[in-house]
Amino acid sequence: MDDPKPLPQLPATRAGKVVAVILMGFLFAGLGFNIRFASTTASLLPHALTRAGMLDGTVSKELASRMADTAIATDAARMQRALGWLTVGDLGPRVRQGCPGWLFLRDELNVYADGERHLATRAATVAAVQRELASRGIALVVAVVPDKSRIEPQHLCGLYRPASLNARLSDWTSRLASVGVPVVDLAAALRSVPGDAFFRTDTHWTQDGAGAAAQAVAQRIRAMGEPPDSSGSSQPGYRIADKPAARRPGDLVRLAGLDALPVSWQPGAEIVTGRSYLHVARTAASADDLFGDGDLPTIAVIGTSYSTTSDFVPQLALALGKGVGNFAREGGKFGGAARAYFASAAYAQTPPKLVVWELDERDLQAPLEADDEVGVPKSGVVGTVASR
């Protein structure tokens, strides 16, 4: 048999040269990452290397866990997110795009197993808290923030919101109302906002949306009978000034891992105008109020980041004509802020006359967590809660 003849050597094409250069770039990048990884290996490996640990997988599991926390893993994840967005418009597991420029949180579109039971459990918790507060002469009003996808359906385009979620808000409000808990559904107020009630690239409401919500909550509080001030003179002091138009980074862009990209490569930047509310402390009105105790708010707001953004609390204070203390927590979800506040010295030493408990619709049916167990301690007792 004749020896096989060698294949003809064809001249390199322009496309082949480009591919070769790209491949070499990847190889050199891999070499750089390997060198960088080797320099951190000592800190990544477990301190105690044992034969038993290597055989049962303990060492490899710990190594993988430590690698996930390295700068290399973080950089790789960010690069993956950027490539996914720039090539196919992928925003990761927790962010979805509706109409061009409009982003939504995936959490509010989730349908949870046993969601109705979780909602009923949380409603029972709120009812129990209301009874405990009432026994101490403290009123409670619950304000539920509807999903962005519920209020801005015209901006969903092809994004699907399960029909089973339509009754979630009415189920919540009807459960609370049936046991005598004052509750405010903010959907109607937010839909009445002339412009956008929510930011396009953020989960939160705009300043106008927060203002409409504040007016709705204030109206409900007045219908209940305003809580009396101990001094009769507490007034919210705010100096309001217009702010110039500026770019507002959206938290959904950050959640999608795209905030490190050049602004022009990110989802459409949002330019917003607004007002600043600068709190001005009230001077003592009399010798009896030498230390300004009369200015202590008699209304406390507990809740989520909705109460800490877009000046919701200042607008609520102005709508009521009373000072309002803000005890909401970023990432507090259903019970985080409530647990922290009722276990705090602020509640024990200067209890309010009324508590506004702001909640997110998307958290109502989510799986129960430890922080969902909320209770009001006995008078004068300050408990502790784990920080989130």
Starting from the range 109-138, take each residue that is under 17 Å from GLU369 (Cα atoms) and at pLDDT below 95 and list its partners that are in a helix (DSSP H, G or I) and not β-branched (Val, Ile, Thr), counting only C-beta distances under 9 angstrom and pairs at least six apart or across chains.
-> none
Scanning the range 337-382 residue by residue, those touching a strand residue (DSSP E or B) at 6+ places or on another chain (Cβ under 9 Å) and under 27 Å from PRO162 (Cβ atoms) turn out to be TRP357, GLU358, LEU359, ASP360, GLU361, ARG362, LEU364
For the range 194-221, pairs from a residue that is more than 14 Å from PRO146 (Cβ to Cβ) and in contact (Cβ under 8 Å) with a residue 40 or more places away in the chain to a residue that is in a helix (DSSP H, G or I) and of a type in the set (Phe, Trp, Tyr), with Cβ under 7 Å and 6 or more apart or across chains, are ALA214/PHE312
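For SER164, state whether it is hydroxyl-bearing (Ser, Thr, Tyr) and either within 20 Å of the chain's Cα centre (by Cα) or within 23 Å of GLU116 (Cβ to Cβ) (or both). Walk me through how you get there before you give the answer.
On the way: hydroxyl-bearing (Ser, Thr, Tyr): yes; either within 20 Å of the chain's Cα centre (by Cα) or within 23 Å of GLU116 (Cβ to Cβ) (or both): yes.
In short, yes.
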Report, by residue number, each residue of the range 133-170 that is closer than 19 Å to LYS333 by Cα and not in a loop (DSSP other than H, G, I, E, B).
-> LEU140, VAL141, VAL142, ALA143, VAL144, VAL145, LYS148, SER149, ARG150, LEU165, ARG168, LEU169
Condition broken by ALA214, with the remaining ones in (1) closer than 27 Å to ALA177 by Cβ; (2) modelled with pLDDT under 95 satisfied = (2)
Report whether or not VAL179 is surrounded by fewer than 22 Cβ atoms within 10 Å (Cβ to Cβ), β-branched (Val, Ile, Thr), modelled with pLDDT of 95 or more and farther than 20 Å from ASP114 by Cβ.
-> yes
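From the list ASP251, ASP289, which residue is closer than 30 Å to LEU320 by Cβ, at pLDDT below 90 and either surrounded by 15 or more Cβ atoms within 10 Å (Cβ to Cβ) or among the β-branched types (Val, Ile, Thr) (or both)?
The match here is ASP289.
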Before we move on, is VAL193 assigned to a loop (DSSP other than H, G, I, E, B) and at pLDDT 95 or above?
-> yes
Is it true that GLY336 is buried (at least 21 other Cβ atoms within 10 Å of the Cβ), under 24 Å from GLY115 (Cβ atoms) and either touching a Leu at 6+ places or on another chain (Cβ under 6 Å) or modelled with pLDDT under 95 (or both)?
-> no
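This table checks each residue for (1) under 30 Å from LEU86 (Cα atoms); (2) aliphatic (A, V, I, L, M); (3) at pLDDT 90 or above.
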residue	(1), (2), (3)
ILE221	no, yes, yes
ASP229	no, no, no
TYR238	no, no, yes
ASP242	no, no, yes
ARG247	yes, no, yes
THR273	yes, no, yes
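The values are calculated or read from the model by the stated rules, or taken from the named source; none is laboratory data. A quick note: this is a predicted structure, and the numbers were derived from the prediction, not measured. Glycine gets a Cβ as well: all are built from the backbone with ideal geometry, and neighbour counts include every protein chain shown.
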